[in-house]
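Working notes, beginning with the structure itself.
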Amino acid sequence: MTETGKATVNPGATGSSDVTSWLRIDQASSVPPYEQLRVQILDAANNGSLPVGTRLPPVRTLAGHLGVAVNTVARAYRELEQANIVVTRSRAGTVVAAAGDEARQRAAAAADKYADVIKANGLTEDEAVAYLRAALRRR
């Protein structure tokens, strides 16, 4: 686990029981537990380790497995739902959303175009990130 809460994701993880095998909370990290969890699930959804339709464990189950408060998992799920990465349905539970896939594809395409502009103008990666952060702050 890194300082940002990122973890290596099991590429074969597709069911909720598999999800609990690779999700980890680093209690020594300065990153809040809900954010560690949110980032791990987001990364897995983005890289395809959690395909669209994958059911995440119920909040109480995952909280018990990770040894965190139920509200910690609920907050991570809520933030992922607000970002259209997951959707919560009463009987189906929380699943990886298709809408998030489309949004991620658009973001990846825009990032590719941005990288082309950066390279064409001879800017460094650090400069590119600084411009991106400044643009995001203005929104």
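The values are calculated or read from the model by the stated rules, or taken from the named source; none is laboratory data. Only a predicted model underlies this, so the values are computations on that prediction, with no experimental measurement involved. Note that each Cβ is placed from the backbone with ideal geometry, even for glycine, and that neighbours are counted across all protein chains shown. Ligands, DNA and RNA are excluded from the accessible area calculation, which covers all protein heavy atoms including side chains. Shrake-Rupley method; radii C 1.70, N 1.55, O 1.52, S 1.80 Å.
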Within the range 77-87, is even one residue exposed (fewer than 14 other Cβ atoms within 10 Å of the Cβ) and touching a residue at least 12 places away in the same chain (Cβ under 8 Å)? no
Subset of the range 113-139 (residues that are open to solvent by 100 Å² or more (accessible area, probe 1.4 Å) and either among the small types (Gly, Ala, Ser) or under 30 Å from Val52 (Cβ atoms) (or both)): Lys113, Asp116, Arg133, Leu136, Arg139
Residues being in a helix (DSSP H, G or I) and either touching a strand residue (DSSP E or B) at 6+ places or on another chain (Cβ under 7 Å) or among the polar types (S, T, N, Q) (or both): count how many of those fall in the range 20-59. 6
With (1) closer than 26 Å to Ala107 by Cα; (2) at pLDDT 90 or above; (3) polar (S, T, N, Q); (4) buried (at least 18 other Cβ atoms within 10 Å of the Cβ) as the list, and Thr72 as the residue in question, which single condition is left unmet? (1)
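Per-residue answers, yes or no, for (1) under 30 Å from Thr20 (Cβ atoms); (2) of a type outside the set (Val, Ile, Thr):
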residue: Leu42; (1), (2): yes, yes
residue: Pro51; (1), (2): yes, yes
residue: Thr61; (1), (2): yes, no
residue: Asn71; (1), (2): yes, yes
residue: Glu79; (1), (2): yes, yes
residue: Gln82; (1), (2): yes, yes
residue: Thr88; (1), (2): yes, no
residue: Thr124; (1), (2): no, no
